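Participant: Pasting a structure below so you can have a look.
Rule-based calculations on the coordinates, nothing more; no lab input. Because the structure is predicted, anything quoted here is derived from the model rather than measured. Glycine gets a Cβ as well: all are built from the backbone with ideal geometry, and neighbour counts include every protein chain shown.
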Amino acid sequence: MWSLEQYAEKRPDFRAAVIAHKKARQVQLSEHARLLFEDEQTVRYQIQEMLRIEKVFEAAGIQDELDAYNPLIPDGRNWKATFLIEYEEVAERRAALSRLIGVEDQVWVQVGTHDKVYAIADEDMDRENDDKTSSVHFLRFELSAADIAAAKDGAAIRIGCDHPALRVKDQILPATTAASLVADLH
């Protein structure tokens, strides 16, 4: 991590690079739902921004941010994503979040003809209640060795959602997105 002073100098170029990097790692599931696949670069940016905003410079505070965000970095056997449900209008968002309870458990990826891999959601805390789900979820897609081998061999990567209020069937990831995700795998 950079010090606050170092980051102030590097921020414009780093921010531009991360924004470009994120474009290849975003998947629009619907008009109001998208996934941002995380990696070391996206997480580093998030941590640096939090340290900057909160003016954290002490070792303990920096470690707290690292501990909070490092679990979002894929480990070579999985993909990790931030799942965002986005509605600008408050009443519309409230109604949608009540219809979408459980949606985070219905998002999946599929490599080639292998089985769908459903997300393991919100391992840090429960993000829904009996009335609504959250507008932000953290997902992990744990891949088999066969999934990883097929992805590295260029098999199509599909994404979808089986929730009744957000049906996304068999969306094939663009080549740039697939290549970016394959680079996360060991």
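Participant: I need the per residue convex hull volume for the stretch 4-182, using only the alpha carbons, in cubic angstrom as a whole number.
Facilitator: Convex hull volume per residue, Cα atoms: 133 Å³.
Participant: So which GluC sites (Glu not before Pro) in the stretch 1-91 end up in coil per DSSP with only 10 or fewer other C-beta atoms within 10 Å?
Facilitator: Glu31, Glu58, Glu88, Glu89
Participant: Continuing with the same structure: Can you run the Rg to Rh ratio on the stretch 85-146? Use alpha carbon positions and the Kirkwood inverse-distance Rh.
Facilitator: 1.07
Participant: Quote the relative contact order of the stretch 13-98 in percent (integer), defining contacts as alpha-carbon pairs under 8 Å separated by 6+ residues.
Facilitator: Relative contact order, the stretch 13-98: 33 percent.
Participant: Under 19 Å from the Cα of Lys152, which lysines turn up, not counting those fewer than eight places away in the same chain?
Facilitator: Lys80, Lys116
Participant: Using a Cα-Cα cut-off of under 22 Å, which lysines could be cross-linked to Lys10, ignoring same-chain neighbours fewer than 8 residues away?
Facilitator: In chain and number order, the partners are Lys22, Lys23, Lys55.
Participant: While we're here: State, to one decimal in nm, how far the label point of Val136 lies from the label point of Ala149, with both points 7 Å from Cα in the Cβ direction.
Facilitator: In this crude spin-label approximation the distance works out to 3.9 nm.
Participant: Another question about this same structure. State the percent of C-alpha pairs, over all pairs in the stretch 103-184, separated by a distance greater than 16 angstrom.
Facilitator: 55 percent
Participant: With +1 assigned to the C-beta of every Lys and Arg and -1 to the C-beta of every Asp and Glu, and no other charges, what is the dipole magnitude of the stretch 96-176 about the Cα centre in debye, to the nearest 20?
Facilitator: 440 debye
Participant: Using Cα-Cα distances under 8 Å and only pairs 6 or more residues apart, what relative contact order does the chain have, in percent?
Facilitator: 23 percent.
Participant: Net charge near Val18, counting Lys/Arg +1 and Asp/Glu -1 over other residues with Cβ under 15 Å of its Cβ?
Facilitator: Taking every Cβ under 15 Å from that of Val18, the sum is +3.
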